[in-house]
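Have a look at the structure below before the remarks.
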Amino acid sequence: VHPESRLDFTRPDAFGIVAEEHRTVRENVGVLDMSLMAKLMVQGPDALAVLNRLSTSDIDRETGRLVYTQWLDETGGIMADLTVTRLDEQQFMVVASDVIHRRVEPMIRRATRPGEIAVVTDITSAVTLLSVQGPSSRELISRLSDADLSNDAFPYLSARQIHVGYAPVLAARVTYLGELGWELHVPTEYATG
């Protein structure tokens, strides 16, 4: 069935298709290609200071932790809604919406004070982002990886390198659906093969 678009106020033809997709992810599992999300690597001795200055949440967490935060303007308006993952002492990955992709890097540069070193690299096209969401997401990934994905070994809002199949993947346990979910950051050369 190919839904037709109409310019009226009735329920669109695609409603049933979208409802079934929603139900499947909510009750089982769904894989969404979210590669369009902006992905930036921020590194250097002052990366933490710069990112903490921008963020409403404290991102000074241990390596392998992910923080959901916002970046605000001078009046408290939300400029960016994003996650910051600490990969190493001086290395962070910022994942933001595609609609603000081109604004995130300049925001970081403007927040970097004279004498501070925070290098920003846009890795969006180098990383495929697969969002595996729903209550069966852990089961699906476990069939493809020998990593321990239990709650104790892989708590919510943590990230670590694992293998999914033959691909090295940065797996992040994060969801926006209220159920168990994961982000898999796959080097593009493994995702397009």
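The values are calculated or read from the model by the stated rules, or taken from the named source; none is laboratory data. Small disclaimer: the values here were computed from a predicted structure and weren't measured. Counting neighbours? That spans all protein chains shown, and the Cβs are built from the backbone with ideal geometry, glycine included. These area figures cover heavy atoms from the full protein model, side chains too; ligands, DNA and RNA do not enter into them. Shrake-Rupley method; radii C 1.70, N 1.55, O 1.52, S 1.80 Å.
Calculated [222 nm] ellipticity per residue, helices only, for the chain: -6500 deg cm²/dmol; basis is -39500 (n - 2.57) per DSSP H run with n ≥ 4, divided by all residues, nearest 500. In terms of accessible area, using a 1.4 Å probe and ignoring ligands and nucleic acids, 23, 138, 11, 109 rank largest first as 11, 109, 23, 138. Of the two radii for the chain, the radius of gyration is 1.02 times the Kirkwood radius, both from the alpha carbons; that is the Rg over Rh value. Just want the answer: with Cβ charges of +1 for Lys and Arg and -1 for Asp and Glu, which residue in 44, 153, 181 is farthest toward the dipole's positive end in the stretch 41-193? Value: 44.
Relative contact order of the chain, taken over Cα pairs closer than 8 Å and 6 or more residues apart, is 23 percent. Note on the stretch 74-138: Rg/Rh from C-alpha atoms, Kirkwood Rh, equals 1.02. Listed values for the stretch 112-128 are Karplus-derived 3J(HN,Hα) couplings in whole Hz (6.51 cos²θ - 1.76 cosθ + 1.60, θ = phi - 60°), namely 7, 7, x, x, 7, 10, 9, 8, 10, 10, 7, 10, 3, 6, 8, 10, 8, and x replaces Gly and Pro. In this Cβ point-charge picture (+1 for Lys and Arg, -1 for Asp and Glu), the stretch 3-63 has a dipole of about 100 debye about its Cα centre.
Within the accessible surface of the chain, defined with a 1.4 Å probe on protein heavy atoms only, the carbon and sulfur portion equals 53 percent.
Residues considered: 85, 63, 128. Largest GNM mean-square fluctuation over the chain, using C-alpha springs under 10 Å, is found at 63. Of the GluC sites (Glu not before Pro) found in the stretch 13-92, those that fall in a DSSP loop while having at most 16 other beta-carbon atoms within 10 Å are 62, 74, 89. Under 5 Å from the amide H of residue 87 lie the amide H atoms of 64, 92, 93, each residue being 5 or more positions distant or on a separate chain, with H modelled from the backbone and absent for Pro and chain starts. Exposure check, 1.4 Å probe, all protein chains in place: residue 148 carries approximately 90 Å² of accessible surface. Note that the chain presents 58 Å² accessible area per residue, ligands and nucleic acids not counted, probe 1.4 Å.
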